[in-house]
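Visitor: My questions all concern the structure below.
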Amino acid sequence: MEFKTFVFYFLSTILVYASLRVVTLRNPVHAALHLILAFFSASGVWILLQAEFLAIALVLVYVGAVMVLFLFVVMMLDINIDRLREGFWSYLPLGSIIALLMLAEMSLVLGGSYYDLFESNVPQAESGYSNVKAVGRLLFTDYVYPFELASVILLVGIVAAAALTLRGKRKTKSVSPGQQVFVKAKDRVRVLKMPAEQRD
């Protein structure tokens, strides 16, 4: 078995396992950690396919946004944050295992490229070839309609998220400027006449 094939099966196995654990775990913290591992494994597969831009975008966008996703889940489910903070050290073993797996994946992919362990008969890109330019050209020419459709779907998701988290109208102490302009002194100030009292 070639080294590249071994790395591919290794990353794919971890990716499938992490994806299954994301949807089967009850604890949202454990699910978020496995989601990070799944995205990281998918980015390793993209690097094997020589799609470096997609791999970096997957790490920066999705792995970077996982914490936002976790906060959104906490906000929707009204999870007790104090209770999660109390059990912080209980998540350390699982987090350490996932961090070691991510380190092993990074070492396999980058180390294999550095020591030329991957097969050399794969056609390589030219020196002036830009992966980012090629992806951008395809997105805005051949796939412009699916790209715009994805934008609309994301917009609908943002509006739906805002609508779901809206807990109703909140009462504030602010006063309308229109009411302040039409205020009259006689409506706010009342003069009282009190008889003088004399004390001994």
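Visitor: Working with all protein chains in place, sort E105, E2 by solvent-accessible area computed with a 1.4 Å probe, largest first.
Guide: Greatest to least solvent exposure: E2, E105.
Visitor: Assuming a ≥ b ≥ c are the square roots of the Cα gyration tensor eigenvalues, decide whether region 1-58 counts as rounded (a/c under 1.5), prolate (otherwise, with a/b larger than b/c) or oblate. Before the final figure, lay out each step's value.
Guide: On the way: a/c = 4.15, a/b = 1.65, b/c = 2.52.
In terms of gyration-tensor shape, oblate.
Visitor: Another question, then. Compare W89, W46 by solvent-accessible area with a 1.4 Å probe and give them largest first, with all protein chains kept in place. Walk me through the numbers on the way to the answer.
Guide: Numbers: W89 180, W46 100 Å².
Per-residue accessible area, sorted high to low, gives W89, W46.
Visitor: Separate question: Give a residue-ordered list of calculated ³J(HN,Hα) values for region 179-190 (Karplus: 6.51 cos²θ - 1.76 cosθ + 1.60, θ = phi - 60°; whole Hz; x for Gly, Pro).
Guide: Whole-Hz 3J(HN,Hα) from phi for region 179-190: 6, 5, 5, 8, 6, 10, 5, 5, 7, 10, 10, 10.
Visitor: Ranking request for peptides 130-143, 26-39: highest mean number of other beta-carbon atoms within 10 Å first, then the rest in descending order.
Guide: My ranking of the peptides, most packed first, is 26-39, 130-143.
Visitor: In nm, give the distance between the simple-model label positions of L138 and E52, each being 7 Å from the Cα along the Cα-to-Cβ direction.
Guide: That separation, rounded to one decimal, is 1.7 nm.
The values are calculated or read from the model by the stated rules, or taken from the named source; none is laboratory data. Worth saying up front: this structure is predicted, and the values here are computed from it rather than measured. Please note: Cβ atoms are built from the backbone with ideal geometry, for glycine as well, and neighbour counts cover all protein chains shown. These area figures cover heavy atoms from the full protein model, side chains too; ligands, DNA and RNA do not enter into them. Shrake-Rupley method; radii C 1.70, N 1.55, O 1.52, S 1.80 Å.
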